[in-house]
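Bear in mind that the values in this text are calculations on the coordinates, not laboratory data. A quick note: this is a predicted structure, and the numbers were derived from the prediction, not measured. Glycine gets a Cβ as well: all are built from the backbone with ideal geometry, and neighbour counts include every protein chain shown.
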Amino acid sequence: MPIKPADVNESRIINADHEPGNWMAYGRTYGEQRFSPLNQINDQDVSQLGLAWYYDLDTNRGQEATPIVVDGVMYFTSAWSKVFALNAATGKLLWSYDPKVPGNWAVNACCDVVNRGVTAWNGKIFVGTLDGRLIALDATTGRRVWETLTVDPNFRYTITGAPRVVKGKVIIGNGGGEFGVRGYVSAYDNETGKLVWRFYTVPGDPAKPFESPILARAAKTWTGEWWKLGGGGTVWNTIAYDPELDQLYIGTGNGTPWSAKFRSPKGGDNLLTCSIVALKPDTGDYLWHYQEDPADAWDFDADEDIILADLVIDGRARQVLMQAPKNGFFYVLDRTNGALISAKPYTFVNWASGVDLRTGRPVETAVARYQGADPAPIVPGPVGAHSWQPMSYSPVTHLAYIPVNDAGFKYKLPESFEAKKLAPNYGIDVVAAGLPQDPKVKNAILATVKGKLVAWDPVQQKAVWTMERTGPWNGGTLATAGNLVFEGTAGGNFEAYRANNGEKMWSFRAQTGVMAGPVIYQASGEEYVAVLAGWGGVFPLAAGEVSFASGRVRNVSRMLVFKLGGKASLPPAQAVEYPQLTALPNPASAATIRKGEQLFQSYCAECHGDVAVSGGVLPDLRRSSTLADDTWFEIVLQGDLQSQGMVSFSKELSRDDAFAIRSYVIFRRNQDALPEKR
C-alpha cells in the first residue's frame, strides 16, 4: 500500500527515535531537543560533506524556517508564509503554495516578513501566515483544505512561528507585542479548523469578566489602563509538550510598551509577560507559570526555545525544562510544577547580578531601570543574549548548544509617551538609542558587539566550550549522535563542530547569512543535512551599522542540502557593492533635521535601519533617488509602494513631517559622503 504523505500522528512523534531518518516536527520531537540519533555523518567523515542539491527561492527577505522531512518529502516555508514540498533526495519541486499575504501587512511585522515553518499531521501540512491565518494544506497536492483567521484584523497581529499539533489540536500563537496587541495562544481542530480553546496571557479590561481565574490574579499585578495599550505577552515562537505529564509549555513575550513606567505606572510584575506557562492541552486550562522578568523593561521576552530533558541533578533524576531566553540567564525548571532548580548567566549581563533561588526573581543591579539623564548601556539589549534561533541539546554530551548575541543597548526614558498606530510603541527615547556618529564613540560601541556559539552544561551551569563569532545573529543549532553540532553564521558560512570539544571540522561558504535551524534526515538510503539560508530578520533590518559586525552579506534565499560525497556547486556569488555616497543640497534648518531624526527613529528605523543605515535587507534610504524629488512624498504619504509593505503614513505624518524625515536622511547621507564632497 502506498505511503500516505505526511501521515504523522502522536505515536510517530513520541516514538521518533525509532524513525531517525525522519524529522517530523519542528524540534524533531515534542521535547524540542533538536538532537538526531543519526551518525552516518560524524566527526570522522564530516570533512567529506558536500552540496547534494539546492533550491532557489523567489524572495530577498529573511529565511528562518526549520524544514520537516516525512517519508522522503521535505516541507518548509519561505518569507511571506509561502510553503514548499520537495523531494528530499533530489530537491525536485512537488508543489508550492502561496497564501498571498497582502504586501501592506508587512508594516505590522516588527522583525521581517519571516516564517519559521510548518507542522504535519494526518496527511495535512499546517502553516500560520503573516496576516494571522492558520491554513491546512493537503500534503499530496498542496491544495488548501481549510483556512481560519486566528486574529482580529483590526489589530496589528502577525504570525511568524511554526504551529505544533498536540492530541489532534493545532497550537498557534502570534506576534505584535510592540504594536498594541494582547497575547494569546489558540488550539484548533486539525480536521475542521474550528477553535477548541484559547488562553490569554495577559488580563484584559477588568470591567469585563476575565477569561480564566489566573487572569483575575494577574490583573492585580498591573496598574493604570494597560488593556488600552494591549498588554503584550504574545506567544510568537516557542511551544513544547510532555506527553507523559500531558503538559503543554509556552513562552510569553514582553509587555507593551517596553518601559514599565508607561505600561503599568504604579508598578506591578505584569503577569503573565516574560513567563513560561504550562497548560492542559485538551482545554487550555492554566497549570503553573514561572516569570523570568517581573516588570520587564528591556524587551526580554521568554519566547526563546523551551527544551525538555531528564537530568541527574545532585544525584537525583529530574524532569526538567530548559530555556536560554533573551535576558542572558540559563534556566532549569522542574517541568512538573515550574519550580526553579537553577539559573546562571550564559554570557555577560549587567542588568542583574543573579537570580534568587528562593524567590525565583532576578537580583537587579543599579543600572537595570535606566534612570537619570544619561543611563549606562544595558547588556544584553533587545536583540537578546539569545533570540529565536533554535538551540539544541545532546543527551550524549549532556550539553546545550546556544547561539549567543553579545550586544548592549542604550535604554533611556523619554519625556512622555503616546501610543501610535503605525510605529512601534517602545516607550523609550529612540534618539538616545541610536548609534552615535562620533567616530571614537561609535567605534568603541561597535567593538563590544560580538557573537558566539556556547556549549553549556545545564547541570553544572557553566560553559564547556565556546566558539567566538565576529558578530551576533548567527544560526540555530543541530546536535547529532555523530558527535557533531551544525550551525550557520551571519557572515555566510555553514559549519560543523565536534560536539564534545568544539573543534571546527567543516565549513561551507553559503554566500548569504544563515540563521535558520538545520536538520538531518535520511532519503534513498543516504543521510542529508539541510538548512535554509537567507539573511534578514530584525537585527539587519533595525540595527543598522551595528549589524555590519556580523558581516555585510546580501540575501540569497535558498534551501541548501548536503551529503557525504556531494558534488553540486552554487552559482558564482555576486559581489556586494557599496558605491560611495555623494552629497546633496539640504536647505533644512537644524531644528527640522532634529525633528526628522526623532520621526525617523520612531517610524522608519525598524525597517530601514538605525540612524538611516540599512543592514542590507531593505533599501538604504540614504541612497534613494527619491531624496531629490516629490516621489518621496508619494511613497511616504500616498502609499505608492504599499504592495511591498510601505504603506501610507498620512494618518500620522504630515507633509512637513515627511519633509523633516527626508531632510534628516539627506543629512545622514551627507555625513557619510566623502569629506571633499561635503
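Before moving on, here are some points about what is shown:
- Separation in nanometres of the label points that stand 7 Å from Cα toward Cβ, at Arg217 and Thr90: 5.7
- Once both labels are positioned 7 Å from their Cα atoms along Cα-to-Cβ, the gap between Ser507 and Ala376 label points is 3.5 nm.
- Over segment 123-256, the Kirkwood radius and the radius of gyration, each from Cα atoms, give a ratio Rg/Rh of 0.99.
- Selection of trypsin sites (Lys or Arg not before Pro), segment 640-672, meeting DSSP coil and at most 11 other Cβ within 10 Å: Lys651
- Charge dipole magnitude, Cβ of K and R +1, D and E -1 - segment 12-130, Cα centre, debye nearest 20: 380
- Each peptide among 322-328, 46-52 gets the average number of other Cβ atoms lying within 10 Å of its residues, and from highest to lowest they stand as 322-328, 46-52.
- Translational diffusion of segment 341-449, µm² s⁻¹ [Kirkwood Rh, Cα pairs; Stokes-Einstein; 25 °C; 0.890 mPa s]: 149
- Normalised convex hull volume, segment 173-388, alpha-carbon set, Å³ per residue: 125
- Counting only the Cα atoms, segment 590-677 fills a convex hull of 95 Å³ per residue.
- A viscosity of 0.890 mPa s and a temperature of 25 °C, combined with the Kirkwood radius over Cα pairs in Stokes-Einstein, give a translational diffusion coefficient for segment 57-174 of 173 µm²/s.
- Rg/Rh for the chain, where both radii come from Cα atoms and Rh is the Kirkwood radius: 0.95
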